[in-house]
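Taking it in order: structure first as structure tokens, then the write-up.
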Amino acid sequence: VRLEESGGGLVQIGGSLRLSCAASGRAFNAYGIAWFRQGSGSEREFVAARGDGRSDSTKDRFTFGFDAAKNMAYLQMNDLKPGDTDKYYCAAARSVLNTVQMRDARSYDYWGRGTQVTVSS
């Protein structure tokens with residue numbers, strides 16, 4: 001499976017962005033899928049996953065989306081804050097994950113190259 005993110009960019013505080021993750025190679029439907037983010041010098045932080053997994057810091061503002069027919073995953077981000085500035089990554093695991101596994105970056109087998117999101121103050 002190859003993953004490619006898009007949709008990042010520069011946005012003002014309070015703005016919205018929709019990230020997309022296109023999967024190629026195999027049907028996406030059987031995989032555990034998630035979004036992570038990572039800043040320079042930081043570990044990858046879980047953001048949201050298929051199966052209604054969401055991090056406490058973003059659950060009221062970010063929503064995971066999935067379209068099996070298009071082999072696409074999405075991350076709708078609303079009310080963006082400067083602390084959301086990071087590179088965002090799409091990840092896929094070869095099996096569906098439980099609520100603990102889905103939050104652990106080590107559970108995932110495939111990663112995209114990421115898309116940068118910058119929130120200006």
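Tabulated values for the structure
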{"quantity": "Test set (1) assigned to a strand (DSSP E or B); (2) open to solvent by less than 60 Å² (accessible area, probe 1.4 Å) - residue 10 fails condition number", "calculated": "(2)"}
{"quantity": "Yes/no for residue 79 being assigned to a loop (DSSP other than H, G, I, E, B), open to solvent by 60 Å² or more (accessible area, probe 1.4 Å), without any contact (Cβ under 8 Å) to a residue 40 or more places away in the chain and under 28 Å from residue 120 (Cα atoms)", "calculated": "no"}
{"quantity": "Unique residue being open to solvent by 70 Å² or more (accessible area, probe 1.4 Å), without any contact (Cβ under 8 Å) to a residue 12 or more places away in the chain and not β-branched (Val, Ile, Thr) when the list is 106, 94, 113", "calculated": "106"}
{"quantity": "Residue among 25, 51, 32 that is touching a Lys or Arg at 6+ places or on another chain (Cβ under 7 Å), open to solvent by 60 Å² or more (accessible area, probe 1.4 Å), among the small types (Gly, Ala, Ser) and within 15 Å of residue 92 (Cβ to Cβ)", "calculated": "25"}
{"quantity": "Test: residue in segment 54-69 that is free of Cβ contacts under 8 Å to residues at least 40 places away in the same chain, open to solvent by less than 60 Å² (accessible area, probe 1.4 Å), farther than 14 Å from residue 5 by Cβ and part of a strand (DSSP E or B)", "calculated": "yes"}
{"quantity": "Hits in segment 12-35 (condition: of a type in the set (A, V, I, L, M, F, W, C) and under 16 Å from residue 98 (Cα atoms))", "calculated": "30, 33, 34, 35"}
{"quantity": "Boolean, residue 86 is of a type in the set (Asp, Glu), open to solvent by less than 70 Å² (accessible area, probe 1.4 Å) and within 18 Å of residue 29 (Cβ to Cβ)", "calculated": "no"}
{"quantity": "Flag if residue 62 is of a type outside the set (D, E, K, R), under 15 Å from residue 8 (Cβ atoms) and in contact with a Leu (Cβ under 7 Å, 6 or more places away or on another chain)", "calculated": "yes"}
{"quantity": "Checking residue 23 against (1) aliphatic (A, V, I, L, M); (2) in contact with a helix residue (DSSP H, G or I) (Cβ under 9 Å, 6 or more places away or on another chain); (3) over 30 Å from residue 120 (Cβ atoms); (4) in a strand (DSSP E or B), the condition it does not meet", "calculated": "(2)"}
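The values are calculated or read from the model by the stated rules, or taken from the named source; none is laboratory data. All values reported here derive from a predicted model rather than from experimental measurement. Heads up, the Cβs are rebuilt from the backbone with ideal geometry, glycines too, and the neighbour counts pull from every protein chain shown. All accessible areas refer to the heavy atoms of the entire protein, side chains included, with ligands and DNA or RNA removed. Shrake-Rupley method; radii C 1.70, N 1.55, O 1.52, S 1.80 Å.
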